[in-house]
Every structure is written in structure tokens, then in C-alpha cells.
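Taken together, the values in this text are just the output of simple stated rules run on the coordinates, not laboratory data. For clarity, every value in this text was computed on a predicted model and none was experimentally measured. All Cβ positions, even for glycine, are placed from backbone atoms using ideal geometry, and neighbour counts span all protein chains on display.
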Amino acid sequence: MQFNSTYNDLDRRHIIKLLASEGEEKKCLFKEAARVKKEHVGDIVYFRGLIEFSNLCHKNCLYCGIRSGNRKVVRYDLTDEEIIDSARYAFDNRYGSIVLQSGELESNAFTKRIDSLLKKINSLTHGGLRITLSCGEQEEDVYRQWFESGAQRYLLRIETSNPGLYSRLHPNDRKHSFNRRVDCLNNLKKIGYQAGTGVMIGLPFQTTADLADDLLFMQQNDIVMIGMGPYLEHTDTPLYKYRSLLLPREKRFDLTLKMIAVLRIIMKDINIAATTAMQAIDKLGREKAIMVGANVIMPNITPGSYRDDYLLYDGKPCIDENPEDCKTCLEARIAIAGNEIAYGEWGDSAHYSH
Ligand code: SAM
Ligand code: SF4
């Protein structure tokens, strides 16, 4: 297959073919993605210290281990001090950036709490950390308030760009609306956030054409950062009953690598994360993602004792380790992948402009 290096617009048919590629064709795809990455964003990896600060959630997504309907989950909520300590750890270790992620809650108390945390972290670090929020769908004025209090980035995955598939993955009610998700993404962009989204790959009922449409959705919406990973089943979720429809885990992993590679080719200068779910399938999963186009890693800096209560899927890696272990093993692995960690840099997407 031929690639034209100035050509951003692979058409849908071409993308579907690339996602199905094997052998020489697949090797050629990965090689081209690595070349584009080197040319446009360099062989550099940015760190985002991930703080999974709470697994309280009022939603019931059918795939997610911490959905509100899962009574087996031990719920936790880090104290403000614990969150701030984790942010301080990221700052002291020159991560440049953190992600505050949680289940989804919509309430005045939650809005105020996040607002106050943002102010405290910014004051503590003299604005030295870029802060990404990943706290689900919120009203536009809430997003605006958090932006004004110092959050610069927001991660809200679309999960799938196919509304029909979205409705099979979520309860059929107003709390789980595809249209609201899209509206939220648009509001985030309008406010001025660096808006991030992403999808799960290898979901039951998902086709290769759906995945091609997901990539085109990201391109058409001019998204500046993407986190996508394989869907991984969780025993205590309604979607688990469809596990016989799933591709083997290695195939889902391989498909995710191809998605990353194609995305790098069609959106050359955005930030693409090598997600934890990739590491759940392959111990070197994130490093392999880096070699085919990803340039962001999110080391988990949640205090170790809480990690096993943020189980989105079966077999989540690194739950026994503390932040220092995670950092050391990552440094070695990134070097093996021929990349360098950009310590102390914010790593804003080159694609982002106000
Ligand atoms: N609650 C927020 C939200 O949904 O946007 C942020 C936290 S949520 C746990 C972060 C992401 O985890 C979701 O967007 C979803 O893509 C991913 N996730 C949840 N369950 C998963 C599963 N079983 N396999 C892979 N990814 C999963
Ligand atoms: Fe809650 Fe997010 Fe999980 Fe959905 S994906 S149940 S919103 S934590």
C-alpha cells in the first residue's frame, strides 16, 4: 500500500483496508506511522500522572467495572490531602502534567470540590502543572468554571461514534445519551479546553467500519488528544454475557495498534496516549503503542492502596505497585522503545491553538 506523506485524508474504504491489514501491509502501516511520528512530534513521550481519585459514579455503563450497579465494588474517595499529595509527587518528579479522573457525579458539592482542588494544586505548583480533568459529562457552566479555575484539558471518550452501538453499551435512559456526550465535547472545545476523546476497540457488535468511522469522527471534530484502548470484559458487568462474540484479546490488541497507527497518519501532530488497557493484554503493550505512533503515557500515581478498587476490567495491571515502581519500570521500557521522556514539559498538543 502506498502512502503519500502529505496526504491527511485517507478515505473510509482505505482506512477499513488498513485496519484489516496483515503481514507486509501491516508492517508497512506501522513503519509509516513511526516515520510520521518522528517527523511531526519527535521520538518523545510526555508523562501525565494519573490520579484515579474516586470510583463513586452515578452512571451505569454496561461495560464498566465501577458502574453504580456493581454492588461488589468497594467505593472510595481520596481525601483532598491525598489528591494534593499525589499532584505534588507529579510536580516534584517533573511530570509536567496530571489527570484527575473519577466516576461521574453531577452535584454542586462535586463542582465546588473540583474547583477548590484545581485552585489549590495550581497555587501549590505556581501553575507549573497542566491539569486534565476526566470527570464525565457536566453542564456547560460547570466546565467553564473549572476551566477558569485552572483546568486546561478535558478527557471525555465518545466510546464509539456509532449512536446505535452506543445505545447497546449503555442503559436506555436520559443519563446515558449519545447526543449529550457529543454536546459535552463541543462545549469543551467552545470553552477553550484542549479536548480529548477516544473509543474502546473490539467491543461486542463493533465492526471495522465502525472503527474507521471513529477515526474519521476524531479527524472531523479536530480533536487534539486521543486515548483509545481495547475493550476488556469485566465479569460483573452486563456486557460480559457477550464475551463469546469478542475477538481474542491479542487480536483486540493488534487492532488497537493499527488504530493508533492510522490515527497518527491522518492526524500527524496530535497527542495520542498509549493506554493502560494495552498493558493489560501485553506487558509491553504501551511501548508497542509508542513505536507505532503514540506519544503520551499516563503513569498511575494513585496511592497504591486504592488501585484495586478502580477495576474497570478484569486483569488491570500495576494495581500492586506504588507510583515509584511504576515510574522506574516505565523509564526502562520507554528507552527500549527508542523514545525519550520529556520531563518537566507540559506536552501540549502541537495541534492545539486557541
Ligand atoms: N467516568 C468518566 C467517564 O466515563 O468519562 C471517566 C472515568 S471512565 C472509567 C474512563 C474510561 O474507562 C471510559 O471512558 C471507558 O472508555 C473506559 N472503560 C471503562 N470500562 C472499560 C472496559 N471494560 N474496558 C476498557 N475500557 C473501559
Ligand atoms: Fe461511570 Fe465512567 Fe464507568 Fe461509565 S465509564 S460507569 S461514567 S466510571
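The modelled label-to-label distance between Arg94 and Lys119, using points 7 Å beyond Cα along the C-beta direction, is 3.2 nm.
Stokes-Einstein, applied to the Kirkwood radius of the stretch 173-321 over Cα pairs at a viscosity of 1.567 mPa s and 4 °C, places its translational diffusion at 79 µm² s⁻¹. Within the chain, antiparallel bridges make up roughly 5 percent of the DSSP beta bridges whose residues both belong there.
The value of relative contact order for the stretch 11-170, using C-alpha pairs under 8 Å at least six residues apart, is 20 percent.
Charge dipole of the stretch 152-219 (Cα centre as origin; +1 on each Lys and Arg Cβ, -1 on each Asp and Glu Cβ, all else neutral): 340 debye, rounded to the nearest 20. Here Lys38 is the anchor, and the lysines within straight C-alpha reach of less than 21 Å, apart from those fewer than 8 places off in the same chain, are Lys26, Lys27, Lys258, Lys268, Lys288. For the stretch 1-136, what class follows from the C-alpha gyration tensor (a ≥ b ≥ c being the square roots of its eigenvalues): rounded when a/c is under 1.5, otherwise prolate if a/b is larger than b/c, else oblate? Judged from the Cα gyration tensor, the stretch 1-136 comes out oblate (a/c at least 1.5, b/c at or above a/b). Length gained on full extension, Ala20 to Ala342: 112.6 nm, using 0.36 nm per residue less the C-alpha separation. Each Lys and Arg adds +1 at its Cβ and each Asp and Glu adds -1 at its Cβ; summed about the Cα centre, the chain shows a dipole of about 640 debye. Put simply, the C-alpha atoms of the stretch 223-294 give a gyration tensor, and the ellipsoid matching it has half-axes of 24, 12, 11 Å, longest first. In terms of its C-alpha gyration tensor, the stretch 67-185 has a prolate overall shape, because the principal axis ratio a/c (a ≥ b ≥ c, square roots of the eigenvalues) is not below 1.5 and a/b outweighs b/c. Rounded to the nearest 20, the size of the Cβ-charge dipole of the stretch 56-210 about its Cα centre is 240 debye, with Lys and Arg at +1 and Asp and Glu at -1. Using just the C-alpha positions of the stretch 189-244 as equal point scatterers, what log10 of I(q)/I(0) does the Debye formula give at each q in 0.25 1/Å? Log10 of I(q)/I(0), two decimals: -0.99. Packing here is the average count of other Cβ atoms within 10 Å per residue, and on that basis the peptides 145-157, 70-82, 224-236, highest first, run 224-236, 145-157, 70-82. Show that you can apply the helix-only estimate: for the chain, add -39,500 (n - 2.57) for every DSSP H stretch of four or more residues, divide by all residues, and state [θ] at 222 nm to the nearest 500. Theoretical 222 nm ellipticity from helices: -13000 deg cm²/dmol.
Only aspartates and glutamates eight or more places from Lys17 in sequence, or on another chain, were considered; those with a Cα closer than 12 Å are Glu25. I need the fraction of alpha carbon pairs in the chain separated by more than 24 Å, rounded to a whole percent. So the pairs more than 24 Å apart make up 54 percent of the total in the chain. Highest mean packing comes first when the peptides 42-49, 97-104 are listed by Cβ atoms within 10 Å, giving 97-104, 42-49.
Enumerate the aspartates and glutamates that Lys72 could reach by cross-link, defined here as Cα to Cα under 17 Å, with residues fewer than 8 away along the same chain left out. Leaving aside aspartates and glutamates fewer than 8 places away in the same chain, those within reach of Lys72 are Glu233, Asp236, Asp308, Asp309, Asp314. Among 269-275, 247-253, 291-297, the peptide with the highest mean count of other Cβ atoms within 10 Å heads the list, and the full ranking is 291-297, 269-275, 247-253. Checked against a 31 Å cut-off, the cross-linked pairs Lys119/Lys327; Lys112/Lys241; Lys112/Lys189; Lys59/Lys119; Lys190/Lys316 give Cα-Cα distances beyond that limit for Lys112/Lys241; Lys190/Lys316. First measure r as the distance between the Cβ atoms of Asp11 and Thr328, then evaluate 1/(1 + (r/R0)^6) with R0 = 45 Å and state the FRET efficiency to the nearest 0.05. That pair, Asp11 with Thr328, gives E of 0.55. The Cα-based radius of gyration of the stretch 240-332, divided by its Kirkwood radius, gives an Rg/Rh of 1.00. For Arg88, neighbours were defined as the other residues whose beta-carbon sits under 13 Å from its Cβ, and their charges (Lys and Arg +1, Asp and Glu -1) total -3. The residues neighbouring Leu56, those whose beta-carbon lies less than 13 Å from its own, together hold a net charge of -1 under the Lys/Arg +1, Asp/Glu -1 convention.
Taking amide H as placed 1.01 Å from N in the peptide plane, Glu340 has its amide H under 5 Å from the amide H of Ile44, Val45, each at least 5 places away in sequence or on another chain.
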